Amino acid sequence: MLQFKNQVAIVTGAGQGIGLEIARQLAEQGAAVLLNDLDEELAEKAAGFIQKSGGECVAYSGNAADVDFVQAMVNEAVRVFGKLTIIVANAGITTFGDFFEYTPESLQKLLDLNLRGSFFLTQAAARQMRTQGEGGRILLMSSVTGHQAHQFLAAYGMTKAALEMLAKSLVVELSPYGITINAVAPGATMTERTAEDPEYEKTWGRITPIGRPAKVQDIAHAALFLVSPLAGHITGQSLVVDGGWTAVSPSPYES
């Protein structure tokens, strides 16, 4: 079923991993997708992969932390596809660090992309959706670390909790224009990055009640639901996709 036919989406940080799978599924189900990644080669390769599968997708590389760039990205989606109806603010970084040693430079880099970039992409997209007068869907990418304490991820978890508060707060301002805004909070997920740790899948499989870490498809399915017509009466919410980990929250650092 092409439930996203005649929809236009921007997905940031989509050169690989969760972002790529969200973009792929959106295109597979009929959406035209502008795929962003900081790495130009990765963005082009990802867009080409979707195109070869029959999806409508263009690459648009650049820094999703830059306010001028995110406005240009919205403008480009409208120029190429005629409108903008969905954004998935997936671009983000994870920085581990001992709180006592964490540097101002590390915090600033984290805030610029995870918060500033997501905030102003949301603003630019919402302005466009308001002008169009047909509503829209906005999805922010949170994390289980925005719900539960996790060693060495205090700064990262703080940014993810803030994104969930942004989704809740903007209900007041976006709802009159038919724009919904929600967040997905993934738990441990197998991606290109996490697969570099040979113990990751085993460790998280052991401490996740459902018996395995998430696949990128698991997160994408949740994301697509929240930006679909099926979720038209859901806004200001955060959906945790973690196989039950936050219900029990065992540490991966304990044997």
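The values are calculated or read from the model by the stated rules, or taken from the named source; none is laboratory data. The structure displayed is predicted, hence computed values, not measured ones. Glycine also receives a Cβ, built like all others from the backbone with ideal geometry; neighbour counts cover every protein chain displayed. Side chains are part of the model used for accessible areas, which takes the heavy atoms of the whole protein and leaves out ligands, DNA and RNA. Shrake-Rupley method; radii C 1.70, N 1.55, O 1.52, S 1.80 Å.
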Can you show me the helix-derived [θ] at 222 nm for the chain, built from DSSP H runs with n ≥ 4 at -39,500 (n - 2.57) apiece and divided by the number of residues, rounded to the nearest 500. -13000 deg cm²/dmol
Relative to a virtual label point 7 Å from the Cα of Val67 in the Cα→beta-carbon direction, which members of segment 118-137 show backbone nitrogen distances below 20 Å? 118-130
Can you tell me the accessible area per residue over the chain, all protein chains present, probe 1.4 angstrom, in square angstrom? 48 Å²
How are the Cα pair distances of segment 18-78 distributed, in percent, across 5 Å bins from 0? 4, 21, 30, 24, 16, 5, 1
Sorted by accessible area (1.4 Å probe), largest first, how do His147, His233 line up? His233, His147
Can you list the lysines whose alpha carbon sits under 19 Å from that of Lys52, skipping same-chain ones fewer than 8 residues off? Lys5
Heavy-atom accessible area of Lys45 with all protein chains present, probe 1.4 Å, nearest 10 Å²? 150 Å²
Ordering Phe225, Phe69, Phe4 by how much accessible area each has at a 1.4 Å probe, largest first, what is the list? Phe225, Phe69, Phe4
Given R₀ = 51 Å, FRET efficiency for Gln51-Tyr102 by Cβ-Cβ distance, to 0.05? 0.80
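Given a cut-off of 16 Å, what percent of all Cα-Cα pairs of segment 52-113 lie beyond it? Can you show the working numbers first?
Values: 1119 of 1891 pairs.
When all Cα pairs of segment 52-113 are counted, 59 percent exceed 16 Å.
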Evaluate Rg over Rh across segment 169-255, taking Cα atoms for both radii and Kirkwood's formula for Rh. 1.09
For segment 175-255, which GluC sites (Glu not before Pro) pass both filters: DSSP loop (anything but H, G, I, E, B) and at most 12 other C-beta atoms within 10 Å? Glu192, Glu199, Glu254
Rounded to a whole %, the carbon-and-sulfur portion of the accessible area of the chain at a 1.4 Å probe is 53 percent
Could you pull out every residue, at least 5 positions away or on a different chain, whose amide H is within less than 5 Å of the one on Ala185? Hs are placed 1.01 Å off N in the peptide plane, and Pro or chain starts have none. Ser142, Leu239, Val240, Val241
How long is the gain from Glu201 to His233 if the chain were fully straight, where each residue apart is worth 0.36 nm and the alpha carbon distance is subtracted? 8.0 nm
Output for the chain (equivalent-ellipsoid semi-axes, sqrt of 5λ from the C-alpha gyration tensor, Å, descending) is 28, 20, 18
Exposure rank, largest accessible area first [Met1, Met190; 1.4 Å]: Met1, Met190
Chain lengthening between Arg212 and Gln3 when straightened (0.36 nm per residue, less Cα-Cα): 72.3 nm
Scaled radius of gyration (Cα, divided by 2.2 N^0.38 Å) that segment 34-142 gives: 1.18
